[in-house]
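The values are calculated or read from the model by the stated rules, or taken from the named source; none is laboratory data. This one's a predicted model, so the numbers in the text were calculated from it and none came from an experiment. FYI the Cβ positions are ideal-geometry reconstructions off the backbone, even for glycines, and counts take in every protein chain you see.
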Amino acid sequence: MADVFVILRIIFICGALASAQKCTPTFQNALVTVSGSVPTFTRRVSGCINSKSLGVRNNNRITIEVRNQAIDALNRAAVSDIQVEELHIIHNHIQMIKEGAFLNLPILRMLYLDNNHLTSLERYSFEGLPSLRGIYLRHNSINAIFANTFVNLPSLSMLFLDNNNLKTFNQNWFSSTPELKWLLLDDNQITFIGMAAFQDLPSLESLGFEGNKLSHIHPDAFHGLPQLSELILGKNQLSSFNIQLKELPNLYRLGINQNRFTHIPISVFDVVRNSLKEIWIYSNPLQCSCVDEFVIWGEKYNIEVRWKCEDREIYCLLPLSGETDCAKRGESEFNATYIDLFQSECLVL
């Protein structure tokens with residue numbers, strides 16, 4: 001009996017030590033605001049954020065906000081063991097998220113990490129959060145994301161990575177994220193989208209690459225996306241359109257505005273005309289005959305074609321040769337001064 005007591009005592013002590021060591025201090029006298037099912041209050045926290053440090057019961061469903069604090073990194077168990085539904089850690093100076101920074105947060109639905117100083121995302125930065133639906137990482141300086149950064153997130157449906165410094169996209173960032181529907185990568189530095197780049201994310205419905213540096217997209221880049229309804233590729237450097245749209249039977253909205261297209265054969269859109277309801281082609285140096293074809297085609301099939309900038313008189317070009325057919329022509333066949341005009345911002349109603 002005494003031996004059993006000793007063993008139980010050792011287990012208890014080891015468990016207590018493990019619990020004490022689980023939290024690697026992250027916060028130093030940080031101001032934390034709590035709201036939700038409790039009256040709103042603020043508290044200074046050092047160490048980690050959990051139900052004990054905030055003085056809340058585990059049956060309280062709360063929102064936590066940490067804003068404008070001096071935080072270099074989110075260490076292990078930075079936020080843990082608490083019934084938080086929304087977590088806002090924004091406008092801080094966070095440069096790194098360590099593995100296990102978010103532990104035992106069973107009802108966390110939305111995680112906001114916007115406007116920090118993150119430069120990379122390490123493996124398992126976001127793992128095992130069963131209720132998490134959205135992650136916001138906007139306006140950081142992220143230039144690298146390692147494989148298996150987003151792991152075992154069965155409810156994740158929204159990921160916002162816009163306004164960072166990413167140069168590539170790789171679907172190996174994800175593992176066991178079957179419900180991801182919205183992926184926003186606007187305003188990064190991505191130059192290329194490879195073959196079947198999203199086939200491991202078959203639930204995608206909206207995909208945004210606006211404001212990158214895309215100059216080439218593999219024809220089969222969007223293979224395996226039967227649910228995709230919105231594809232936004234505006235404000236890039238694309239000059240030829242050869243995307244296999246037959247891979248996108250539910251495409252509803254396509255944005256290819258503000259690129260460098262001088263010619264797009266209208267026939268490539270016939271495979272999606274039953275699903276397509278909006279196409280944005282404005283602010284491309286398209287030949288006037290090509291624009292006319294788009295407008296007529298849109299009217300015929302009841303598809304909204306947004307083709308004109310309201311604050312700009314020039315909305316199409318004629319080739320130097322004077323020919324008026326909609327044919328494939330390079331930029332050298334047009335007045336370079338007018339080509340450059342199409343790269344500026346414009347007003348579209």
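Here are the numbers:
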| read-out | value |
| --- | --- |
| All positions within the stretch 267-293 that are hydrophobic (A, V, I, L, M, F, W, C), without any contact (Cβ under 8 Å) to a residue 40 or more places away in the chain and farther than 19 Å from E333 by Cα | V268, F269, V271, V272, L276, I279, I281 |
| Which listed residue is touching a Gly at 6+ places or on another chain (Cβ under 9 Å), closer than 21 Å to I71 by Cα and not β-branched (V, I, T), from F102, F126 | F102 |
| Matching residues in the stretch 49-76 - criterion: being in a loop (DSSP other than H, G, I, E, B) and under 22 Å from N140 (Cβ atoms) | N68, Q69, A70, I71, D72, N75, R76 |
| Of all residues in the stretch 261-286 being part of a loop (DSSP other than H, G, I, E, B) and β-branched (V, I, T), the one that is nearest to the chain's Cα centre (by Cα) | I281 |
| Neighbours by Cβ (under 8 Å, 6+ apart or cross-chain): first from the stretch 163-187, under 16 Å from Q199 (Cα atoms); second among the polar types (S, T, N, Q) and assigned to a strand (DSSP E or B) | K181/S206; W182/S206; L183/S206 |
| Index of the failed condition, W297 passing every other in (1) closer than 18 Å to F241 by Cβ; (2) modelled with pLDDT of 95 or more; (3) exposed (fewer than 15 other Cβ atoms within 10 Å of the Cβ) | (3) |
| Test result for T149, modelled with pLDDT of 95 or more and in contact with a strand residue (DSSP E or B) (Cβ under 7 Å, 6 or more places away or on another chain) | yes |
| Residue within the stretch 260-280 that is of a type in the set (G, A, S) and closer than 16 Å to E210 by Cα present | no |
| Residue satisfying condition, being touching a helix residue (DSSP H, G or I) at 6+ places or on another chain (Cβ under 8 Å) and within 21 Å of W182 (Cβ to Cβ), within set I135, I145, I82 | I145 |
| Matching residues in the stretch 132-144 - criterion: being of a type outside the set (A, V, I, L, M) and in a loop (DSSP other than H, G, I, E, B) | R133, R138, H139, N140, S141, N143 |
| Positions within the stretch 78-110 being outside any loop (DSSP other than H, G, I, E, B) and either among the charged types (D, E, K, R) or at pLDDT below 95 (or both), in sequence order | E85, E86 |
| Test: residue in the stretch 84-104 that is surrounded by 20 or more Cβ atoms within 10 Å (Cβ to Cβ), touching a residue at least 12 places away in the same chain (Cβ under 8 Å) and out of contact with any strand residue (DSSP E or B) (no Cβ under 8 Å at 6 or more places or on another chain) | no |
| Subset of the stretch 257-272 (residues that are surrounded by fewer than 16 Cβ atoms within 10 Å (Cβ to Cβ) and either in contact with a helix residue (DSSP H, G or I) (Cβ under 6 Å, 6 or more places away or on another chain) or not acidic (D, E) (or both)) | P265, I266, S267, V268 |
| Top-ranked residue in the stretch 300-330 [being in contact (Cβ under 8 Å) with a residue 60 or more places away in the chain and in contact with a strand residue (DSSP E or B) (Cβ under 9 Å, 6 or more places away or on another chain); ranked as surrounded by the fewest Cβ atoms within 10 Å (Cβ to Cβ)] | A327 |
| Exclusive hit being crowded, with 20+ Cβ neighbours inside 10 Å and of a type in the set (G, A, S), set A144, A197 | A197 |
